[in-house]
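S.K.: One structure follows; several queries about it will come next.
The values are calculated or read from the model by the stated rules, or taken from the named source; none is laboratory data. If you're wondering where the values come from, they're calculated on a predicted model, not measured in any experiment. Virtual Cβ from ideal backbone geometry, glycine too; neighbours counted across all protein chains shown. The protein model used for the area step is the full one, side chains on, heavy atoms only, and it has no ligands, DNA or RNA in it. Shrake-Rupley method; radii C 1.70, N 1.55, O 1.52, S 1.80 Å.
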Amino acid sequence: MSAPTSQSNSLAHYKSGPDFFRLLCWLASAVTVLTLGWIIFKIVESAWPAIHKFGWDFLTSSAWLPNRERFGVFPFIVGTVVSSFVAILMAFPLGLAIAIFLSENFLPAPVRQVIRFVVEMLAAIPSVVYGLWGIFVVIPLSKSFADWMVSVFGGVPIFAGPAYGNSLFTASIVLAIMILPTITAISRNSLSSVPKTLREGAYALGSTRWEAILGVILPSAAPGIVAATILALGRAMGETMAVAMLIGNSSRLSWSIFSPAGTLAGLLANQFGEAQELQVNSLMYAALILIIITLFVNMIGEAVLRYTQHQTAGIR
Amino acid sequence: MPIVDQQMTKQTSPNSNPPVRKDFLAAKDFNFFYGKKQALYDINIEIPERQVTAFIGPSGCGKSTLLRNFNRMNELIEGVRHEGDIRLLGKSIYDKSVEVISLRRSIGMVFQKSNPFPKSIYENVVYGLRISGQSKKSTLDEAVERSLRGAALWEEVKDRLHESALGLSGGQMQRLCIARAIANRPKVLLMDEPCSALDPIATVKVEELIRELKKEFTIVIVTHNMQQATRCSDETAFFYLGKLIEFDRTQKIFSNPSEKQTEDYITGRFG
């Protein structure tokens, strides 16, 4: 019976004294949660006068008139959502195609490595540099493309003219490039972690490479690809500097994607400097809405991710 | 080993099927290399029709490598190379007129780890038919029932054909993979340690299934389990260090092997 006794002694030794590690973990977690709580509390507090004054009308009104103390962010909500979705529409097919290209052996491994590195480097370029590049490179290019689109499809409201350089379309192009690395990197990861046995199974049944990719590999990697897209959407919605430099920051609502528009993040960045009193409160209200939208997007993403992961749980 | 004798008497009893072709699937002077490393040396083997042929041998002896050459799966690996020939029904599988896609459709494969696709049970079974262009519902329905019955899984899953295949148990998944392989109506069924991830009860079911399937298919099974080889194979090939050491009736291999190395292996002296 000597062995169990010595074991319980040593356990008793571990128990003695306060558990500093545990304490440290609690402290670190508490700091994180409290910081988030504090941020949201402060935003709500400073937004309160505007919330009190405008209520839900703030969300549906299109008037942003600081001189007359009338504020409404409907055009900015629309601009945030639409510019992000247009960016996803452009970046998703491209990003997924690159991810497939990089995860399959179309090219020798060293070449793939280089391409992968270059795509991921796109994420390292600062936002303001994208903005500058957008102004000097993308605007002229997108303007001539937009002019052509307007001349051909001008009858369709979303392609209606006149085409401006600073427009939702321009901002979306640059956003698409900025979120490309997110989509590519995460999709590539989930594509290459599709079990080898599944690929072999598909090939052993006589699949061509494309049948294996489209029929088996892509569906198996779907959770990761969905996650990549949602994360990219979240990033696009919160993106501030490049968008503020390119979108035109107009509070006028327009159907055409070639017209100037505005986003919540751009609005905040542009107006904080000279805002006073109720305008500050209104900007805080807008910030609160932005947080809620991105939170909502992330929650949907999480839910979709969990659902699809559950669907493919057995293969991992 | 009484169990061997029982088994053999059962299997050698005359069956009503037409006479078997002795060289249904054959390797001729076959060498295989992973890069510079040679994995198979001068393999000559003739696998008879509608029999179960077991490949045994210690890990790394080349038995899986040879199996994966029969449907040219090894070509998915970069830097591999072969010499010699493999013939299915007398025709080289490396012949220019042979498409690897159709070769793989006529040689089914079941893997060590069951690998159902993240689709419904139904869609798993008809995968091979769909990619070969079959989309008529009645044909697919018929193939699903036939294949699942063939894999002894029909009764267990007939009421949930459209549920995800990933909800099945390990043994059911493996039988689903067998059903998926036989849905293509292959000439040969290759099995790469099909029971190594299964519990004993699921193993018994798959072994029974193998004995049943040989009435229709030529089966090659790689196994580490020598009892399994005695239980369900007619012929056994023993591989060691990339060479085919001995190939004979299973009964002969396990009761009176000609080679010393074979005897050492099956009696557990090495490997």
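S.K.: Within segment A:301-316, identify whether any single residue is within 30 Å of A:Leu218 (Cα to Cα), assigned to a loop (DSSP other than H, G, I, E, B) and either open to solvent by 70 Å² or more (accessible area, probe 1.4 Å) or within 14 Å of chain B (Cβ to nearest Cβ) (or both), and answer yes or no.
M.R.: Yes: one or more hits.
S.K.: Every residue in segment A:185-220 that is part of a helix (DSSP H, G or I), within 23 Å of B:Met73 (Cα to Cα), at pLDDT below 90 and aliphatic (A, V, I, L, M), please.
M.R.: None; the set is empty.
S.K.: Among the residues of segment A:130-157, count how many are at pLDDT 90 or above and either in contact with a helix residue (DSSP H, G or I) (Cβ under 8 Å, 6 or more places away or on another chain) or not assigned by TED's automatic domain parsing to the domain that holds A:Pro181 (or both).
M.R.: 8
S.K.: Please count how many residues of segment B:59-76 are open to solvent by less than 10 Å² (accessible area, probe 1.4 Å), aliphatic (A, V, I, L, M) and within 13 Å of chain A (Cβ to nearest Cβ).
M.R.: Looking only at that region, the number is 2.
S.K.: Shifting gears a bit: Could you count how many residues in segment A:60-113 are hydroxyl-bearing (Ser, Thr, Tyr) and open to solvent by 50 Å² or more (accessible area, probe 1.4 Å)?
M.R.: Matching residues across segment A:60-113 total 2.
S.K.: Mind listing whichever residues of segment A:153-192 are free of Cβ contacts under 8 Å to residues at least 40 places away in the same chain and either open to solvent by less than 10 Å² (accessible area, probe 1.4 Å) or away from chain B (no Cβ under 14 Å) (or both)?
M.R.: Of everything in segment A:153-192, those that are free of Cβ contacts under 8 Å to residues at least 40 places away in the same chain and either open to solvent by less than 10 Å² (accessible area, probe 1.4 Å) or away from chain B (no Cβ under 14 Å) (or both) turn out to be A:Phe153, A:Gly154, A:Gly155, A:Val156, A:Gly165, A:Asn189.
S.K.: Among the residues of segment B:122-135, which ones are assigned to a helix (DSSP H, G or I), at the interface with another protein chain (Cβ under 9 Å from one of its Cβ atoms) and surrounded by fewer than 24 Cβ atoms within 10 Å (Cβ to Cβ)?
M.R.: Across segment B:122-135, the qualifying residues are B:Arg130, B:Ile131.
S.K.: Let me spell it out: the conditions are (1) small (Gly, Ala, Ser); (2) over 28 Å from the mean Cα position of the chain (by Cα); (3) assigned to a helix (DSSP H, G or I), and A:Ala228 meets all of them except one. Which number is the exception?
M.R.: (2)
S.K.: Oh, and also: How many residues does segment A:193-208 hold that are out of contact with any Gly (no Cβ under 8 Å at 6 or more places or on another chain), more than 7 Å from chain B (Cβ to nearest Cβ) and buried (at least 16 other Cβ atoms within 10 Å of the Cβ)?
M.R.: Residues meeting the conditions: 2.
S.K.: Still on this structure: Being of a type in the set (A, V, I, L, M) and farther than 26 Å from B:Thr267 by Cβ narrows it down to one residue among B:Leu241, B:Leu168; which is it?
M.R.: Step by step, each of B:Leu241, B:Leu168 is checked, and only B:Leu168 is of a type in the set (A, V, I, L, M) and farther than 26 Å from B:Thr267 by Cβ.
S.K.: Considering (1) assigned to a helix (DSSP H, G or I); (2) under 20 Å from A:Arg70 (Cα atoms), say which one A:Ala275 fails and leave the rest.
M.R.: (1)
S.K.: Assess whether A:Ser282 counts as being within 30 Å of A:Met149 (Cβ to Cβ), in the same structural domain as A:Ala91 (by TED's automatic domain parsing), among the small types (Gly, Ala, Ser) and surrounded by 19 or more Cβ atoms within 10 Å (Cβ to Cβ).
M.R.: So A:Ser282 does not fit the description; no.
S.K.: Consider A:Gly234 carefully, then state whether it is in contact with a Ser or Thr (Cβ under 8 Å, 6 or more places away or on another chain), closer than 30 Å to B:Val188 by Cβ and open to solvent by 10 Å² or more (accessible area, probe 1.4 Å).
M.R.: Spelling it out, it is not the case that A:Gly234 is in contact with a Ser or Thr (Cβ under 8 Å, 6 or more places away or on another chain), closer than 30 Å to B:Val188 by Cβ and open to solvent by 10 Å² or more (accessible area, probe 1.4 Å).
S.K.: Which of the residues that make up segment B:152-179 are away from chain A (no Cβ under 12 Å), outside any helix (DSSP H, G or I) and open to solvent by less than 40 Å² (accessible area, probe 1.4 Å)?
M.R.: B:Leu153, B:Leu161
S.K.: Moving on to the next point. Here's a check for you: in segment B:137-151, which residue that is more than 14 Å from chain A (Cβ to nearest Cβ) and in contact (Cβ under 8 Å) with a residue 40 or more places away in the chain is nearest to B:Phe117 (Cα to Cα)?
M.R.: B:Ala151
S.K.: Let me ask something else about it. When you scan segment B:80-97, how many residues do you find that are open to solvent by less than 60 Å² (accessible area, probe 1.4 Å), in contact with a strand residue (DSSP E or B) (Cβ under 7 Å, 6 or more places away or on another chain) and not polar (S, T, N, Q)?
M.R.: Final tally of qualifying residues: 7.
S.K.: Okay, moving on. Identify the residue in segment A:209-231 that is of a type in the set (A, V, I, L, M, F, W, C) and open to solvent by less than 10 Å² (accessible area, probe 1.4 Å) and, among all such residues, is nearest to the other protein chains (Cβ to nearest Cβ).
M.R.: A:Val216
S.K.: Which of the numbered conditions does B:Lys119 fail, given that it passes all the others? Conditions: (1) modelled with pLDDT of 90 or more; (2) facing another protein chain (nearest Cβ under 9 Å).
M.R.: Condition not satisfied by B:Lys119: (1).
S.K.: Which residue pairs have Cβ atoms closer than 7 Å, lie 6 or more positions apart in sequence or on different chains, and pair a first residue in segment A:73-102 that is more than 30 Å from A:Phe54 (Cα to Cα) with a second residue that is open to solvent by 50 Å² or more (accessible area, probe 1.4 Å) and among the basic types (Lys, Arg)?
M.R.: Matching pairs, first to second residue: A:Leu102/A:Arg116.
S.K.: If you go through segment B:77-116 one residue at a time, how many are farther than 22 Å from B:Glu49 by Cβ and within 14 Å of chain A (Cβ to nearest Cβ)?
M.R.: 13
S.K.: From B:Val206, B:Val188, grab the single residue that is open to solvent by less than 10 Å² (accessible area, probe 1.4 Å) and within 25 Å of B:Ser135 (Cα to Cα).
M.R.: B:Val188
Table: residues versus (1) on the phi > 0 side of the Ramachandran plot; (2) in a loop (DSSP other than H, G, I, E, B); (3) among the β-branched types (Val, Ile, Thr).
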position	(1), (2), (3)
B:Thr203	no, no, yes
B:Glu216	no, yes, no
B:Gln228	no, no, no
B:Phe239	no, no, no
B:Glu246	no, no, no
B:Pro257	no, yes, no
B:Gln261	no, no, no
B:Gly268	yes, yes, no
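S.K.: Still on this model: Within segment A:234-271, count every residue that is under 16 Å from A:Ile135 (Cα atoms) and assigned to a helix (DSSP H, G or I).
M.R.: 7
S.K.: Given the conditions (1) in a helix (DSSP H, G or I); (2) touching a helix residue (DSSP H, G or I) at 6+ places or on another chain (Cβ under 6 Å); (3) buried (at least 20 other Cβ atoms within 10 Å of the Cβ), report the number of the one that B:Gly108 does not fulfil.
M.R.: The failed condition is (1).
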